[in-house]
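Encoded as structure tokens, the structure appears first; notes follow it.
Any read-out appearing in this document is the output of simple, stated calculations on the displayed coordinates, not a laboratory observation. Note that the coordinates shown come from a computational prediction; the quantities given were computed from them, not determined experimentally. Here the Cβ positions follow ideal geometry from the backbone for every residue, glycine too, while neighbour counts run over all protein chains shown.
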């Protein structure tokens, strides 16, 4: 249903030493909703994405993604949940150097058991939409930083996840490339009914989202 919460946080906190980076956070993001997460550097935006993805443990509260509990998962269960439900665009691209661009993008599908031929076909289709179809067999080291970012974006979307977490997804792109990447995010998220939570300092990217939140002093507020 359109109003179904894909992400739900209740009373979530994360502590580092004596300092609470995040405290008492509650948030719901509906299916198909696009949310921009704003805030100063060091405010905990990337930490919040990592908590939702189960890459860091929450010190209080609980987190659900697609109706499954994230907090308290053992490593294997957390990895399986991410494979099923999440697409993650990191600030660092984390592309696999010895694989081609198409193979990099196909990895999430292969982890879910999709046949290799179908996985590569879907990867190549996304590369075409990003203007990189002619580079499908290239290696990541042959690309510019902006091109690598577009490949990382395609990898996050190829398996049509319930939730896409994006950490500055247009930070390395020129305005025209950013517009194309944001359009891909919008269209693929819409096709899959996916929610999007995007950390950004870009007014262009924030304006692409229906809702904007700011992280300040460990708490969320409308921006």
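Taking other Cβ within 10 Å of each residue's Cβ, how do 21, 105 sort, fewest first?
Values: 21 19, 105 31.
With the sparsest Cβ surroundings first, the list reads 21, 105.
Please say if region 104-223 is rounded, prolate or oblate, where rounded means a/c under 1.5 for a ≥ b ≥ c the square roots of the C-alpha gyration tensor eigenvalues, and otherwise the choice is prolate for a/b larger than b/c and oblate otherwise?
Numbers: a/c = 2.21, a/b = 1.55, b/c = 1.43.
Prolate shape, in that a/c is at least 1.5 and a/b is the bigger ratio.
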Between residue 144 and residue 60, the FRET efficiency computed from the C-beta separation at R0 = 45 Å comes out, to the nearest 0.05, as 0.60
C-alpha long axis of helix 175-192 to longest principal axis of the chain, angle in °: 80 degrees
Label-point separation, residue 83 to residue 216 (7 Å along Cα→Cβ), nm: 4.2 nm
Antiparallel versus total DSSP beta bridges in the chain: what percent is that, nearest 5? 55 percent
Under 1.5 on a/c is rounded, so check that first for region 1-48, then, if it is not, pick prolate when a/b is larger than b/c and oblate when it is not; a ≥ b ≥ c are the square roots of the alpha carbon gyration tensor eigenvalues. oblate
Compute the length gained on full extension between residue 99 and residue 179: take 0.36 nm times their separation in residues and subtract their Cα-Cα distance, giving the result in nm to one decimal. 26.1 nm
Note to self, the chain gives a 222 nm [θ] from helices alone (DSSP H runs n ≥ 4, -39500 (n - 2.57) apiece, / all residues, nearest 500) of -11000 deg cm²/dmol
Row for region 1-94, column shape: gyration tensor on C-alpha, a ≥ b ≥ c, rounded if a/c < 1.5 i.e. under 1.5, prolate if a/b over b/c, else oblate; value rounded
Can you tell me what the convex hull of the Cα atoms of region 5-222 projects to on average, as an area in nm²? 11.4 nm²
The chain: angle of helix 116-129 to the longest principal axis, Cα-based, in degrees nearest 10: 80 degrees
